[in-house]
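The values are calculated or read from the model by the stated rules, or taken from the named source; none is laboratory data. Not measured: the values here are computed from a predicted model. We place every Cβ from the backbone using ideal geometry, glycine too, and count neighbours over all the protein chains shown.
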Amino acid sequence: MIAYLKGKMIQKSPDQIILDIGGVGYQAWIPLSTYLKVGEVQDTVELFIYTQLSDNSLSLYGFSTEEEKEIFKKLISISGIGPKIALNILSGIQTSDLEKAIKQSDVTRISLIPGIGKKTAMRIAMELQEKLDKKEKIIHSPGFQEKENLISSLMNMGFKRKEVVKIVDHTLQTLSPEAGFEKLLRESLKRLSKV
């Protein structure tokens, strides 16, 4: 799964960009917010990627921030909201404003986004409110960022999330987050080799 891309932007339009990475062109669908941040053609661009694999296609969705990617993933988890609608939502409202509207159940503000009716706005507010509350509790718990970084790094090495999460939890209990990323990663790899 592709989670991140960095390369020279060779084409740019409000809904997609193409990055040249080692002579291969990667096309990523983007929200307007990312389009406004990526700079000009020929610039080096970094994107956080969500990869969607279906029976007959592989689509990449790119975001200028990890926060944007996370809210996109939450949006597409709602029944009836696919990637195109989620991009449309992120193009019509800033991530921070969307999160604020969700927390305040501001259905009127959400339904001002082009293409989003009252019913969809209500579903977004109701279903994401709980997820955002949970996210805040988790983010403020000690060691959250280290845990996520370790899981992501190990998954990029080819390990599956299921096997990695337990190992990372055990490593953090043994060493504590203050041990530093490299030490934690080495210890996690050692434990994975014994599994």
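Is it true that Lys194 is at pLDDT below 80 and surrounded by 15 or more Cβ atoms within 10 Å (Cβ to Cβ)? Show your work before the answer.
Numbers: at pLDDT below 80: yes; surrounded by 15 or more Cβ atoms within 10 Å (Cβ to Cβ): no.
For Lys194, the condition - at pLDDT below 80 and surrounded by 15 or more Cβ atoms within 10 Å (Cβ to Cβ) - is not met.
Checking each residue in the range 31-54 for being part of a helix (DSSP H, G or I) and in contact with a strand residue (DSSP E or B) (Cβ under 6 Å, 6 or more places away or on another chain) picks out only Thr34. Any residue at all in the range 18-28 that's touching a helix residue (DSSP H, G or I) at 6+ places or on another chain (Cβ under 7 Å) and of a type outside the set (Ser, Thr, Tyr)? The answer is no, given that none of the residues of the range 18-28 is touching a helix residue (DSSP H, G or I) at 6+ places or on another chain (Cβ under 7 Å) and of a type outside the set (Ser, Thr, Tyr). Of all residues in the range 75-84, those that are crowded, with 17+ Cβ neighbours inside 10 Å and either over 12 Å from the mean Cα position of the chain (by Cα) or in the same structural domain as Lys37 (by TED's automatic domain parsing) (or both) total 2. Count of the range 73-112 residues, restricted to those that are of a type outside the set (D, E, K, R) and assigned to a loop (DSSP other than H, G, I, E, B), is 11. Of Leu87, Leu47, all but one fail to be touching a Phe, Trp or Tyr at 6+ places or on another chain (Cβ under 7 Å), buried (at least 21 other Cβ atoms within 10 Å of the Cβ) and assigned by TED's automatic domain parsing to the domain that holds Asp20; the exception is Leu47. Looking at Leu19, Leu5, just one residue is at pLDDT 95 or above and either in a strand (DSSP E or B) or hydroxyl-bearing (Ser, Thr, Tyr) (or both), and that residue is Leu19. How many residues, within the range 163-191, are loosely packed, with under 11 Cβ neighbours inside 10 Å, charged (D, E, K, R) and either touching a helix residue (DSSP H, G or I) at 6+ places or on another chain (Cβ under 7 Å) or modelled with pLDDT of 80 or more (or both)? Summing the residues that are loosely packed, with under 11 Cβ neighbours inside 10 Å, charged (D, E, K, R) and either touching a helix residue (DSSP H, G or I) at 6+ places or on another chain (Cβ under 7 Å) or modelled with pLDDT of 80 or more (or both) in the range 163-191 gives 1. Under the condition of being under 19 Å from Tyr4 (Cβ atoms) and assigned to a helix (DSSP H, G or I), the residues counted in the range 150-167 number 9. Any residue that is of a type in the set (Asp, Glu), under 15 Å from the mean Cα position of the chain (by Cα), over 23 Å from Gly7 (Cα atoms) and crowded, with 18+ Cβ neighbours inside 10 Å - is there at least one of those in the range 59-72? Checking the range 59-72: not a single residue is of a type in the set (Asp, Glu), under 15 Å from the mean Cα position of the chain (by Cα), over 23 Å from Gly7 (Cα atoms) and crowded, with 18+ Cβ neighbours inside 10 Å.
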